[in-house]
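J.: Mind looking over this structure? Questions follow.
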Amino acid sequence: MYFELTITIQRPPTVVFVFLRDKEKYPQEANSPVLILEKTTPGAPGVGTCYREVVQMLPFYQGEIISVITGFEPYKLLEEDFRGAGMHGHLAYLFIEEPEGTILIQRETLHYQGLLKLLEPIIRVFLYPRLRERLVNIKSILEDGYDVAE
């Protein structure tokens, strides 16, 4: 399953990149399914940095997702591979500078395993709006003046 979403954020690529690079530091939305998000590799983020997420998948099921940064070009590209909770995939963010700020492109590929593979058409219908909503929330947080630490 593949998704590509684009949004323009009225902040420079440096701010948008740092916000997504340091994803464990920014606040989760009130209705976020992400219960825990932590960086498990010490030091500054870069290729090889690992993260652990615990996500509420269903009312009585929480899944763990492990991700690792696989592409890292400051202010231009941030990529990661992830695995867990019955799936694996790849996430890429591209940052394009423009006069009004940043065009952020999100490309995500998901591969479900087992019984989840049978549910892909249904998952797609519900997942796309969630991905879009997440980008809109990021835009809102950053445009409302959220300060990132370089």
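The values are calculated or read from the model by the stated rules, or taken from the named source; none is laboratory data. Just so it is clear, the structure is predicted and the values come from calculations on it, not from any experiment. Glycine also receives a Cβ, built like all others from the backbone with ideal geometry; neighbour counts cover every protein chain displayed.
J.: Can you name the residue in segment 1-25 that is closer than 21 Å to Val47 by Cβ and surrounded by fewer than 16 Cβ atoms within 10 Å (Cβ to Cβ) and is also modelled with the lowest pLDDT among such residues? Please lay out each step first, then the result.
T.: Of segment 1-25, the ones closer than 21 Å to Val47 by Cβ are 13-14, 16-25.
From the residues that got through so far, the ones that are surrounded by fewer than 16 Cβ atoms within 10 Å (Cβ to Cβ) too are 14, 22, 24-25.
Values: Thr14: 95, Asp22: 92, Glu24: 90, Lys25: 86.
By that ranking, first place goes to Lys25.
J.: Something else: Is at least one residue of segment 112-127 under 23 Å from Leu94 (Cβ atoms), loosely packed, with under 15 Cβ neighbours inside 10 Å and in contact with a strand residue (DSSP E or B) (Cβ under 8 Å, 6 or more places away or on another chain)?
T.: Within segment 112-127, the subset under 23 Å from Leu94 (Cβ atoms) is 124, 127.
Those left that are additionally loosely packed, with under 15 Cβ neighbours inside 10 Å: 124.
With the extra rule that they be in contact with a strand residue (DSSP E or B) (Cβ under 8 Å, 6 or more places away or on another chain), the set shrinks to none.
No, segment 112-127 has no match at all.
J.: Of the numbered conditions (1) basic (Lys, Arg); (2) under 16 Å from the mean Cα position of the chain (by Cα); (3) closer than 28 Å to Gly145 by Cα, Arg11 fails exactly one; give the number of that condition.
T.: The failed condition is (2).
J.: Counting only residues that are within 12 Å of the chain's Cα centre (by Cα) and part of a loop (DSSP other than H, G, I, E, B), which one in segment 14-33 is nearest to Glu53 (Cα to Cα)?
T.: So the residue we want is Glu24.
J.: Looking at Glu133, is it loosely packed, with under 14 Cβ neighbours inside 10 Å and under 20 Å from Leu37 (Cα atoms)? Reasoning before the result, please.
T.: Values: loosely packed, with under 14 Cβ neighbours inside 10 Å: yes; under 20 Å from Leu37 (Cα atoms): yes.
Taking the combined requirement at face value, the residue satisfies it.
J.: Can you tell me which residue within segment 88-100, out of those that are crowded, with 19+ Cβ neighbours inside 10 Å and in contact with a helix residue (DSSP H, G or I) (Cβ under 9 Å, 6 or more places away or on another chain), is nearest to Glu143 (Cα to Cα)?
T.: Phe95
J.: Among the numbered conditions (1) over 20 Å from Lys39 (Cα atoms); (2) part of a strand (DSSP E or B); (3) of a type in the set (Phe, Trp, Tyr), tell me where Tyr146 comes up short.
T.: The one condition Tyr146 does not meet is (2).
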